[in-house]
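Taking it in order: structure first as structure tokens, then the write-up.
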Amino acid sequence: MKDVTIRVRDNDSGEYSELSLIDELFKYRGGDLAYWYTGALILPQGKMVEYVHMGYGSRYERYRVIRVARGYVLEDLRMSGEEFEAYRTKKFEEFMKQPQFEALVSSVQSNIKGISREQVIKVMKDFYAEKYLSR
């Protein structure tokens, strides 16, 4: 990793500049690197092969998936777009077997009136990947 930056606006000049967060995010604290994070970092790479106008639905040529538990890298995977889709489908099927899955589906359905179970499952597969890929 080279850097993690955000764009910040100077209140006086109105100009934007890059602010590095790498030291703040990833400094060591008692031997733990980013101890506060557990999940999967999904890094699309290469050309976009399919554009989807919502969130992270677009597809790319390649992916890098870094699985992290309490700041420690468990796995660093590099795969083609096709391999990523197969990996994601397998992990989601495993996630669907977990006891909390049905409760989560019910919760979404109770909060969004009129949404079908199939719609909830599709949204969860597309937009909950950071969580189920970390398992």
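Please go through the range 82-111 and give me each residue that is basic (Lys, Arg) and part of a helix (DSSP H, G or I), ordered by number. The answer is ARG88, LYS90, LYS91. Pull up the range 55-85, narrow it to residues that are touching a residue at least 24 places away in the same chain (Cβ under 8 Å) and of a type in the set (Gly, Ala, Ser), then point me to the one that is surrounded by the fewest Cβ atoms within 10 Å (Cβ to Cβ). Only one residue fits best here, namely GLY55.
The set of residues in the range 125-135 being in contact with a helix residue (DSSP H, G or I) (Cβ under 7 Å, 6 or more places away or on another chain) and either free of Cβ contacts under 8 Å to residues at least 12 places away in the same chain or not in a loop (DSSP other than H, G, I, E, B) (or both) consists of LYS125, ALA129, TYR132. ARG62 - would you say it is in contact with a helix residue (DSSP H, G or I) (Cβ under 9 Å, 6 or more places away or on another chain), modelled with pLDDT of 95 or more and closer than 30 Å to ASP23 by Cβ? Here the answer is yes, as ARG62 does meet what is asked. Considering the range 112-124, the residues that are assigned to a helix (DSSP H, G or I) and at pLDDT below 90 include one that is nearest to the chain's Cα centre (by Cα), namely MET124. The residues listed here are PRO44, PRO99; of these, the one that is exposed (fewer than 15 other Cβ atoms within 10 Å of the Cβ) and not charged (D, E, K, R) is PRO99.
The values are calculated or read from the model by the stated rules, or taken from the named source; none is laboratory data. What you are looking at is a predicted structure, and each value in this text was computed from that prediction instead of being measured. Every residue, glycine as well, gets a Cβ built from its backbone with ideal geometry; the counts of neighbours run over all protein chains shown.
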